[in-house]
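First the structure, in the form of structure tokens, and then the observations on it.
The values are calculated or read from the model by the stated rules, or taken from the named source; none is laboratory data. Small disclaimer: the values here were computed from a predicted structure and weren't measured. So basically every Cβ, Gly included, is an ideal-geometry build from the backbone, and we count neighbours across all protein chains shown. Heads up: the accessible areas ignore ligands, DNA and RNA and are worked out on the full protein's heavy atoms, side chains in. Shrake-Rupley method; radii C 1.70, N 1.55, O 1.52, S 1.80 Å.
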Protein chains: 2
Amino acid sequence: MRRSTLEEVAALAGVSKMTASRALRGASDVAQDTRERVQHAAERLSYVANRLALSLSSQRTNLVAVVVPSMSNTVFPEVLSGITTGLEGSGMQAVFGISDYDADKERDIIRDMLSWQPAAIVVTGLDQPEETVRMLKAADIPVIQVMDLDGTPVDFNVGLSHGEAGRDMAKALLAAGRRKIAYIGSALDKDLRAGKRKAAFEQVLLAQGLGLVSHRIGDDFSSIALGKRLTADMLASRSDIDSIYYSNDDMAAGGLFACMEAGIAVPSQILLAGFNGLDLTDCLPALIATSRSPRRAMGEITAKLITDVMANGRVSGPKTIAFKPPIIGLEGAAAGLAKKSE
Amino acid sequence: MRRSTLEEVAALAGVSKMTASRALRGASDVAQDTRERVQHAAERLSYVANRLALSLSSQRTNLVAVVVPSMSNTVFPEVLSGITTGLEGSGMQAVFGISDYDADKERDIIRDMLSWQPAAIVVTGLDQPEETVRMLKAADIPVIQVMDLDGTPVDFNVGLSHGEAGRDMAKALLAAGRRKIAYIGSALDKDLRAGKRKAAFEQVLLAQGLGLVSHRIGDDFSSIALGKRLTADMLASRSDIDSIYYSNDDMAAGGLFACMEAGIAVPSQILLAGFNGLDLTDCLPALIATSRSPRRAMGEITAKLITDVMANGRVSGPKTIAFKPPIIGLEGAAAGLAKKSE
DNA sequence: CGTGATAACGGTACCGGTATCGGTAACATG
DNA sequence: CATGTTACCGATACCGGTACCGTTATCACG
């Protein structure tokens, strides 16, 4: 039982390959009963067209390549989910690759993806090394860089400014009266966007003559467990901290659990701030500040951009779509803050 | 600036297509300096081979198709992550599709995936309708059904018995002295595996002459927020419950947060039980019982199975690989339970 | 009845690679 | 010097579809 080909379908229906092809694609120039004969034959052989041949011949594919750094955080799966739903009904199919926050791996995956001649490619962030950028440009297809905004896009760009997010959060914490501010993060050399948030965050503090009073960087990728561990460690070493900025919400949630175990009141005693605005954050037993990033929306907008370009050849709107994540979870911590964080 | 072809590379290197092909693939029968000339030419044109042509010609692909129901839960991304890392270095590339727990969508995605002539296909669960199974069989490639074990596999099967997991948890709760047991779940008609756990769970209770004292099924997919909401609702309606079994850990975590808000002690007053053994569960401020499912391991084993079959043509071991998730988080709740849950 | 239009279908040339076989040059061998 | 061997390389035929153009039959019309 081998895969059947169009030729076999055609033979069974008593027509030529070409007629069978036309019949199955629902093209015109085929008599009604011929079409039915062909369709019937295809069904009997449970014929599935060979997309390799199809795409090679027609010089186009329905593939959208998407490269993300990780799957262990809910953030990227959500973006992917947004892309797939946004692509639905367009006949396009998203295929994903994981780079593990590794630039070399990313280059290899992108090369591999491009070899499938996708109709468009989506990559995370704007910080690809020159070689990767060259490949992307040489591919001669729409390139959409997502999540980040701080940098020079190759082509399209959908994201938010992590620098701005870091600055906003710093201002928000200051506005909430916090001065003894600490930072807890993970593998910043890998997660460049978290690094951008931190750098901008610190910069605002410095402008106020302040610095981070304490500082922990994990050696592992971000997780709730890591956030909890590093926070417990920090709390054990000093007691004057009044707020902690985390690389993201997972870490911050872990921080909250550490505070609860240590009997520290959140947010009154220590204010915790993260990034993303996860479902989890909303449900926690204490208020945590966070910047709510529109993950699904970014995915869906990206998909819409792609279907637009495919349909019209050109895109109508701008090539860069910027989101501004609102800061939430500071309601009780400081009155009058809403205006500023808006 | 169009995509360059092998022919152009060959022309630039002053050799034939065939020689260029051999040189780039690192095959023998190519002189050292010729190889270098070709490689140099390929670099200058930033040549990327066309996998469509490659695969069509060689009649094989490096694609492993993977279809999962969702990305909004961390579970499936973890499995995917496991598959990709397991495939690393094998030259295989995983491509993912999301079915949204919809059998028709799943069929369409599988059909689409198969049209790319993948080397193997991984699908979630064993409950595909007949038509889908026919397609899978007709594809004539290794089919691996993952996550579940309760049913008849098409070919390979890597997973765990959700019936057993449900039964084990029921026994564990009973052994912990709980009798007023409730259930909270979400969209069971879609998530068949959660349904299996619940059915088996209830069956054990019934065998003891017990039934669920309360019962909530959400109309949305599982999430922390949904678990919290349904639990709060349940707690408001009755006060005699001593344990709640949730469809999974997300829901259970939400349940814990609801209990904390209601001032209910967990696990002493109400014991909460979930399924999966997420990172999150380990960090929560109270002990939650759960069955730790080996998501990454299942993914990696699946990948290993595939690379094995590809390498040897035949697989050495059995066609079904069963995992048994241990129950954790009951340490304090009942002494002497460890033996039973082992 | 010749002509042209139209509908339905088939033939052929690709798409960009690889498999396969064969050819040529250089060198060793008897 | 004829012959065999070895190392390289090229020509050709695919892989399974689609694009494009050509062909045939049928029918309306002047």
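Based on the Cβ-Cβ distance of A:ALA31 and B:SER16, what FRET efficiency does E = 1/(1 + (r/R0)^6) give at R0 = 35 Å, to the nearest 0.05?
For A:ALA31 and B:SER16, the calculated efficiency is 0.15.
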#### Entry: Threshold 30 Å², the stretch A:251-275 residues less accessible with all protein chains present than alone (1.4 Å probe)
A:PHE257, A:MET260
### Message
Cut-off 10 angstrom, C-alpha nodes, Gaussian network model of chain A. Which of A:LYS228, A:LYS196, A:LYS17 fluctuates the most?
### Response
A:LYS17
## Note on the structure
One finds the C-alpha centres of the stretch A:136-166 and the stretch A:274-300 to be spaced, in Å, by 22
### Query
Tell me, what is the per residue accessible area of the protein assembly as shown in Å², probe radius 1.4 Å?
41
#### Entry: Given charges at beta-carbon only (K, R positive; D, E negative), |dipole| of the stretch B:79-152 in Debye
280
### Task
Only bridges with both residues in chain A count here: give the DSSP antiparallel percent, nearest 5.
5
### Cα-centred dipole magnitude for the protein assembly as shown, charges only on beta-carbon of K, R (+1) and D, E (-1), debye, nearest 20
440
### Message
Suppose every Lys and Arg Cβ carries +1 and every Asp and Glu Cβ carries -1, with no other charges. What dipole size does the stretch B:6-49 come out with about its Cα centre, to the nearest 20 debye?
### Response
80
### Message
Checking the a/c ratio against 1.5 first, then a/b against b/c, what shape does the Cα gyration tensor give for chain A?
### Response
prolate
### Summary
CD proxy, 222 nm, chain A: helix-only mean residue ellipticity via -39,500 (n - 2.57) per DSSP H run with n ≥ 4, per residue, nearest 500, stands at -14000 deg cm²/dmol
### Task
For the protein assembly as shown, give the percent of accessible area contributed by carbon and sulfur heavy atoms, probe 1.4 Å, rounded to a whole number.
50
### Query
Chains B and A: what accessible area do they bury, summed, in square angstrom to the nearest 100, with a 1.4 Å probe?
4900
### Message
Please check: in the Gaussian network model of chain B (C-alpha springs, under 10 Å), which one of B:PRO318, B:PRO77, B:PRO326 has the largest mean-square fluctuation.
### Response
B:PRO318
### Message
Connecting C-alpha atoms closer than 10 Å in a GNM of chain B, tell me which of B:ARG193, B:ARG22, B:ARG238 has the biggest fluctuation.
### Response
B:ARG22
## Note on the structure
Along the dipole axis of the protein assembly as shown (charges at Cβ: +1 for Lys and Arg, -1 for Asp and Glu; origin at the Cα centre), the most positive-end residue among A:PRO318, A:MET92, A:ALA286 is A:MET92
### Message
Taking beta carbons within 10 Å but only from partner chains, what does the mean come to for residues A:51-61?
### Response
5
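Given a cut-off of under 8 Å on Cα pairs at least six residues apart, what relative contact order in percent is computed for the stretch B:1-97? Let's see the in-between values first.
On the way: 85 pairs, mean separation 23.1, N = 97.
It comes to 24 percent, rounded to a whole number.
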### Calculated diffusion of the protein assembly as shown, Stokes-Einstein form, Kirkwood radius summed over Cα pairs, 25 °C and 0.890 mPa s, µm²/s
90
### Query
Which of the listed residues, B:GLY211, A:ASN62, A:LEU149, is farthest toward the dipole's positive end in the protein assembly as shown, when Lys, Arg count +1 and Asp, Glu count -1 at the beta-carbon?
A:ASN62
